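None of the figures in this text is laboratory data; all of them are computed from the coordinates on show. All figures in this text were calculated on a predicted structure; none of them were measured in a lab. No Cβ is skipped: glycine too gets one built from the backbone with ideal geometry, and neighbour counts run over all protein chains shown.
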Amino acid sequence: MKVAYALASGAALVGTSDAFVAPAAVRSPLQQQRTSSRPNVVMAATAEKPATSKEAQAVPGGVMTLSRYMLDQARINTDYQDLEQLMGSIQYACKTIANLVSRAGISDLTGLQGDGGSVNVQGEEQKKLDVISNDVLKNALRSSGKLGVIASEEEDTPVLVEEAFNSKFVAVFDPLDGSSNIDAAISTGTIFGIFEETEECIVDDDVDMDEASQVCLLNTLQPGGSLVAAGYCMYSSSTILVFTMGDGVNGFTLDPQIGEFVMTHPNIQVPKRGKIYSFNEANSPDWPENLRNYVNDLKNGNGESGEKYSSRYIGSMVGDVHRTLLYGGIFGYPGDINNPNGKLRLLYEGAPMAFICEQAGGMATTGTQRVMDINPEKVHQRVPTYLGSAEDVTELINALKKEKAE
C-alpha cells in the first residue's frame, strides 16, 4: 500500500467577479513575475476599473458579499471551485473567532491558558483565546476537505490532514495575532496564507511513517512567491477580512445584521508615500545606528519627503499593517541586539503580509532582501520585516545601506 501526502508548490490563481473584469488571459501576476526580471509583483491589468462599494451594492441581488464574490470567481474560472470552498471555511472560522473575541470579557476568555504556564513552540505564554482560535481554524480548515497540510504558529510542527488524499492546498496561519491585546480589548487579527500543491510525497510500506511524514512536512516550506492566496481578518470596532489571490487586494466588512462579509474596500492601493511610521520605538536603543537615524529623520522632517511623520503603533501586526495599507507610510519590526532576526515569523506573518502589500502596490523587505524571495529553512523561522508605501520602503532600504556614523 502507498500513502500520498500533499506538498506545497508555486502555482498561482487569478479571479474576478461581476464587479471585476477578468484579464484576457488567465495568467496570474506571480506567473508573470517568474518570467520577468522586475523585482516586485505587478498587479494584473483589467479592462475596467473595479467597482466601488456603492456600485457593488447596485448589482442585481443586493450587496457584493464575500460568498458571492468567490462564487463568481468559480463561475468564471472552474479552477477556483476548490479555493472557493476553502475560503468559505476561512470566513466561517473568522466569524467564529470574531464572536469569541467580542465576548472574551463576558465569557471569561481573557487571561492566560491554564492560569499561566502554557507555552507555545515560540516560548511565548499562550492566552486562552490563542488555543481556542487555533482549534477553531484547524477544525474549519480540516472540514473543507481541500487541505493536505495545516501549519500554525501555535503548533510545534505542521499537521497532516491524512484523510484528505485528494486535497489541493496547504494552509499556514497565525490564529490570533496580537493576542496580548485581548485583555485590553485592543484590535487583534488572524493571518493566513495558502499554497497550491503540485507534487505528492509517496510513502512506502517499509518506511517509518513518522520519519517519512516529517520529511514530507519539511518539504512544504515554500517562499512567499509560491503563495496563491493570503489574507488577514482584523477584529476591532468592526471585523474586516482583507485578502488577495494574486490579482489585487479587496476588503470585506462583516455585517452583523446579515452575518456576511460585505465588500467595502475594493481594489485597495497603498499610497506611494505616507506620513506615518509604525515601529516599537521602545526597542530603539538596541537597533542598528543607521535605522535609528532613519526614524529620527522621519520624526524631524529630515527625510526625503521633508514632512514630519507621526508615530502609530498598536502592537498587533494586523492592525498596524491594515492602517498602513489604507493611509500609507511604513510598518517595521526590525532585528536588534537581542533578536537579530526580529520576532515576526516568515511563514505565518512576513510572507502573507508581504504578498498582500505588494499586490496593493507597496513593497516588503527585510532591509536587504525582498521578503517574498526568501526560502524558509525552518517552520518557525523569523525575519526582520518592513513593508508599506513603495517610496517609504525604498528610502528605508537606502538608509540601511549607509555606513554607521564614525
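Overall size of region 251-406 from C-alpha positions, given as principal axis extents largest first: 61, 40, 26 Å.
Scalar couplings 3J(HN,Hα) for region 265-271, obtained by applying the Karplus form with A = 6.51, B = -1.76, C = 1.60 to θ = phi - 60°, are 10, x, 6, 4, 10, 6, x Hz; x denotes Gly and Pro. Couplings for region 314-321, taken from phi via the Karplus curve 6.51 cos²θ - 1.76 cosθ + 1.60 with θ = phi - 60°, read 8, x, 10, 4, 4, x, 5, 5 Hz in order; Gly and Pro are left as x. If the chain linking ILE337 and ILE106 were pulled fully straight, counting 0.36 nm for each residue of separation and taking away their Cα-Cα distance, it would gain 79.1 nm. Take every pair of alpha-carbon atoms less than 8 Å apart whose residues are at least six positions apart; their mean separation over the length of region 280-406 yields a relative contact order of 29 percent. The listed peptides 129-138, 277-286, ordered by packing as a protection proxy, come out as 129-138, 277-286 (highest mean of other Cβ atoms within 10 Å first).
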